[in-house]
Amino acid sequence: MAALELCVARLADSLEPPPRQTVSEWADQNRRLSSEASAERGEWRTDRAPYQRAIMDALSPYSPYERVVVMSSSQIGKTEILNNFVGYIIDRDPGPLLVVQPRVEDGKSWSKDRLAPMLRDTPCLCGKVADVRSRDANNTTLHKRFPGGHITIAGANSAAGLAARPIRYVLLDEVDRYPASAGTEGDPVSLAIKRTATFWNRKIVMVSSPTVKGASRVEAAWLRSNRQSYWVPCPDCGEFQVLRFSNLRGERDAAGLIVPESVCYACAHCGSLLPEHMKPRMLAAGEWRAEEPTDRVASFHLSAMVSPWTTWAEM
């Protein structure tokens, strides 16, 4: 009897679904950054840029959002956010995935320089996607299979890659660099999104640095969503604000050049001059605030002012 009960208990354990895990939790537990793709090789730490946590968690299957928009400057880490989501899909929630880059050549570069190192150096992903050198027909530079799904990597300038098969996940990277039409087939964003029509649990992600105001794809998508901005507190007065370039202050030398060591941020409320070394403390205490909290599309706006990898003096 005891042996039977033990067998039943083990069977129950094997049938129990894995615990829920968000994309940021998965990344903190599993992701390893590669030397050829990152200046900070080793374990991924979301706390390094804490504003990334909410963005990644909006991509999780448990979030209420079907669409996520990220409008940001460079040096914010948006490409690594997408990479973490791809790793999460392969490891935790597999399905057909389409990654669209501005050109086919950009897609090949992302596959070789970003995706391949992540698959190689992140232990839980090792072996789930065969190496291209194996001459496996299921794994080429632009198409890769893994248990439960596959990745198709396409260029927005090629209609063939955008209309081939049903897709659950669509990741649209640097959409403001997309051509107006994929050949003669029309808007590449619309073509890619149409691939998700048969999936009730689809996720559509649009990411880009904005270009021309009023003609920007990502800006238009951001305006049609909940419009979140990252607010941080002043260490002196505690008032929250969005960091703005116009509030930077710095002294000039005899030649009229800004002295890097003098650059500070002037609090919009109390006027305190905050040196660069206070930025990590401000970011850690920051929070996302939405202009339209009820909207079903999550969107995030970030400037280089909050980047851990770009100093205010450099800006």
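The values are calculated or read from the model by the stated rules, or taken from the named source; none is laboratory data. Worth saying up front: this structure is predicted, and the values here are computed from it rather than measured. Positions of Cβ are backbone-derived with ideal geometry, glycine not excepted, and every protein chain shown enters the neighbour counts. For accessibility, only protein heavy atoms count, side chains too; no ligands or nucleic acids. Shrake-Rupley method; radii C 1.70, N 1.55, O 1.52, S 1.80 Å.
Sort through Gly250, Gly183, Gly256, Gly271 and tell me the only one that's within 23 Å of Val104 (Cα to Cα) and more than 24 Å from the chain's Cα centre (by Cα). Before you say what the answer is, go through the steps one by one.
Numbers: Gly250 fails: within 23 Å of Val104 (Cα to Cα); Gly256 fails: within 23 Å of Val104 (Cα to Cα); Gly271 fails: within 23 Å of Val104 (Cα to Cα).
Step by step, each of Gly250, Gly183, Gly256, Gly271 is checked, and only Gly183 is within 23 Å of Val104 (Cα to Cα) and more than 24 Å from the chain's Cα centre (by Cα).
Output the residues belonging to region 24-43 that are open to solvent by less than 40 Å² (accessible area, probe 1.4 Å) and either of a type outside the set (A, V, I, L, M, F, W, C) or modelled with pLDDT under 95 (or both). If you could, list the steps in order and put the result at the bottom.
Within region 24-43, the subset open to solvent by less than 40 Å² (accessible area, probe 1.4 Å) is 24, 26-27, 30-31, 33-34, 37-38, 42.
Ser24, Asn30, Arg31, Leu33, Ser34, Ala37, Ser38, Gly42, listed by residue number.
Of all the listed residues (Ser303, Ser299, Ser225), the sole one being in contact (Cβ under 8 Å) with a residue 12 or more places away in the chain, in contact with a Leu (Cβ under 9 Å, 6 or more places away or on another chain), surrounded by 19 or more Cβ atoms within 10 Å (Cβ to Cβ) and among the hydroxyl-bearing types (Ser, Thr, Tyr) is Ser299. When Tyr169 is tested against the conditions (1) among the hydroxyl-bearing types (Ser, Thr, Tyr); (2) under 18 Å from the mean Cα position of the chain (by Cα); (3) open to solvent by 40 Å² or more (accessible area, probe 1.4 Å), the lone failure is (3). Within region 180-193, if we keep just the residues that are in contact (Cβ under 8 Å) with a residue 12 or more places away in the chain and open to solvent by 40 Å² or more (accessible area, probe 1.4 Å), the residue that is nearest to Ser63 (Cα to Cα) turns out to be Glu185.
For His277, the conditions (1) part of a loop (DSSP other than H, G, I, E, B); (2) out of contact with any Gly (no Cβ under 9 Å at 6 or more places or on another chain) all hold with the exception of (1). Residues in region 138-164 that are in contact with a helix residue (DSSP H, G or I) (Cβ under 9 Å, 6 or more places away or on another chain) and among the polar types (S, T, N, Q) were compared, and the one that is modelled with the lowest pLDDT is Asn139. Taking the criterion of being in contact with a strand residue (DSSP E or B) (Cβ under 6 Å, 6 or more places away or on another chain), open to solvent by 20 Å² or more (accessible area, probe 1.4 Å) and of a type outside the set (A, V, I, L, M, F, W, C), the only residue of region 196-218 that qualifies is Pro210.
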